[in-house]
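Quick note: the coordinates plus some simple rules give every number you see, no bench work behind them. Computed from a predicted structure; not experimentally measured. Quick reminder, even Gly has a Cβ in these numbers, built from the backbone with ideal geometry, and neighbours come from all protein chains shown.
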Amino acid sequence: MPRVLFFLGTAVPGAGLVYALLAPRIVPYDARPGAPIGQILGVVATVLLLTALLYLPAKRTETVSAPNRRLVLAHVLVGAVALGLALAHSQLVVNQPPILVLLALLGLYGTGLYGRLLASRRMGPTFGRGGQPFRPAPALPDSFRRLIERKRELLARIEPAAAEATFTLLLSHWTRRPVLAVRYYGLSLEERRQMRALEAAGYQSQMGAVERWWRVGHLVLAWLVILGLVVHVVTTLFFAEFAAGGREIYWWHLRK
C-alpha cells in the first residue's frame, strides 16, 4: 500500500502541474483559471476536496470503525485528484490572493502524505523505549487516576459495555448523547495532555517535533483550505469586481 500511495500521491498532482505549465502553450482554448475549462476544473477540485473531508466522519461510523485500508486509499486518491485539478485550475498564478489557498492545500497534502507514509515508520521504533522494561513503573499521579475514573463513569452512561482503554467516540455517540460526548472528549484531551507530560511515556524524549505535530498541522491546514475556498468562491461569484481588482471579469459570475 505505501508504494501505491506514493505513486498516486506524486503522479496525479504531477499531471496537474504539467498541465498548468504547458496548457497555455499547447491547448487551443483559453486556459486561464476563470475561463470555462479552468472554472470547471476549479469546481470539480472543490467538490473533490469537500468529498475528501468526509473521511473524518466516515471513519467514526460503526460500519468503518475498524481499520479500513480502502477508506484511507480513497481519501488519498480523492485528495490527490483534487490537488492535481487545483494546480491545473490555478495556472500557477502567484501574484493573486488565491495562491494562498493553493499553498495551504499543498501543505495539507504534504502533511497527509507524511503521516501516511513516513510518520508511522518513524514512530514505530520509539514504542516501548520510554519505560524501563522489567522494572517497576512509577505510580500514576493521583490527578491522572482521578481523570480515568471520571472517564469510566461517563463511559458507563455513553456505552455501558465498552472498555475505557479502547473506546472511541463515534458519530452515533455524538448524535445520541452530545453533552456526554463533549464531556468525554474534553477528558480525553486532558488525558492526552497529562500522558504526554509523563516522563515514562517518552513523548518528549523519544519522539521528534514533526511526529508530535504533523497531525495538528494537517487539521489546521484543512480548516484554512476550507476557509480559503469559501472566500474564493464567494468573492469570485458574488463580488466579481472586487475579485477582479480592476482587471477584466472574464469568468462566469452571479453578480458584480
**OP:** Would you kindly derive the ³J(HN,Hα) couplings of the stretch 97-110 from the backbone phi angles with the Karplus curve 6.51 cos²θ - 1.76 cosθ + 1.60 (θ = phi - 60°), listing them in order in whole Hz, with x for Gly and Pro?
**Re:** x, x, 4, 5, 5, 5, 5, 5, 5, 5, x, 4, 5, x
Subject >> Value in Å of the Kirkwood radius, where the stretch 144-205 supplies the Cα pairs that are averaged >> reply: 12.3
Original post:
Fewest to most neighbouring Cβ within 10 Å: what's the order for Ser172, Ser143, Ser90?
Top reply: Ser143, Ser172, Ser90
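How do Glu159, Glu248 line up, fewest other C-beta atoms within 10 Å first?
Ascending Cβ contact count within 10 Å gives the list Glu248, Glu159.
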